[in-house]
Amino acid sequence: MKTGEGAVQEIYFDRIAAARISCPNSLIPTAGQYLLAEAILERPFILPVPVFPAGSADGGFLAAFPFPTSWHPGTSLSLRGPLGNGFNLPAASRSVALVSFGDTAQRLAALIAPAIAQGAAVTMISAQPPTGLPNAVEIMPIESLPEALRWADYIALDMPREMVPSLPNLLPINGIVCTAQVLLTSPMPCGGRGDCGVCAVTVKRGYKLICKDGPVFDLKPFLQT
Ligand code: FES
């Protein structure tokens with residue numbers, strides 16, 4: 001984990017990513033990891049926010065929605081990271097399903113290039129798929145999730161913490177025979193630095209902190225009731 005400075009270079013609307021951020025290579029998060037970022041001119045009045053990658057870019061990375069509306073091209077950022085555990089796409093995977101229940105599918109888009117590079121077919125299942133996806137990516141509605149459980153050999157989900165109690169109903173544990181991981185989102189003001197507990201999620205025996213035990217978790221423990 002490192003600290004450093006970066007900057008918002010471009011902001012996109014209705015695309016596979018929300019912004020392009022420049023930063024040192026050592027700060028670039030992998031898919032599912034995040035940086036804690038704050039605009040330098042806004043410090044110390046606004047809490048840092050987690051910024052997730054949506055893809056790669058020269059000199060930095062493409063960032064996923066959402067981030068503060070006060071950011072604009074040229075905004076200088078103080079960055080800390082990369083933080084947390086990201087996705088672990090199996091090298092042998094050839095049928096990848098990216099399933100978003102959240103406010104954006106952009107966080108999952110960071111898996112598209114690595115999956116295609118290893119020869120996998122990629123399907124994005126989302127109520128709101130981003131535009132600008134590579135032609136090779138198939139887009140399916142959220143209702144097709146049961147079908148995806150039958151053919152996918154790797155499933156990556158993205159959902160808010162508040163949906164965790166509904167997971168056993170959404171995904172029957174007997175239906176998950178492949179590797180499956182879930183990225184949980186919640187406010188993460190301290191990024192594990194202060195153990196504030198704001199990001200806690202209940203598990204079978206106690207709780208986990210999304211900011212440092214996640215934000216990507218193996219899915220199956222959340223399906224056990
Ligand atoms: S954000 Fe403070 S413990 Fe996770």
> Within region 202-225, can you find the residues that are more than 10 Å from the ligand (Cβ to nearest atom) and either under 18 Å from Arg80 (Cβ atoms) or β-branched (Val, Ile, Thr) (or both)?
Replying inline: Thr202, Val203, Val216, Thr225
>> Out of everything in region 20-58 that is part of a loop (DSSP other than H, G, I, E, B) and without any contact (Cβ under 8 Å) to a residue 40 or more places away in the chain, what residue ends up being nearest to Pro129 (Cα to Cα)?
In response: Asp58
> Yes or no: Leu98 part of a loop (DSSP other than H, G, I, E, B), buried (at least 18 other Cβ atoms within 10 Å of the Cβ) and either at pLDDT 95 or above or not small (Gly, Ala, Ser) (or both)?
Replying inline: no
>> I want to confirm something. Restricting to region 208-224 and keeping residues that are surrounded by fewer than 17 Cβ atoms within 10 Å (Cβ to Cβ) and at pLDDT below 90, which single residue is farthest from the chain's Cα centre (by Cα)?
In response: Gln224
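Is one or more of the residues making up region 161-183 within 15 Å of the ligand (Cβ to nearest atom), among the polar types (S, T, N, Q) and touching a residue at least 60 places away in the same chain (Cβ under 8 Å)? Give the derivation first.
Residues of region 161-183 within 15 Å of the ligand (Cβ to nearest atom): 161, 183.
Now restrict to residues that are among the polar types (S, T, N, Q): none.
No; the residues of region 161-183 include none that is within 15 Å of the ligand (Cβ to nearest atom), among the polar types (S, T, N, Q) and touching a residue at least 60 places away in the same chain (Cβ under 8 Å).
The values are calculated or read from the model by the stated rules, or taken from the named source; none is laboratory data. Predicted model, so just to flag it, every value in this text is computed and none were measured. Reconstructed Cβ throughout: ideal geometry from the backbone, glycine too, with neighbour counts over all protein chains shown.
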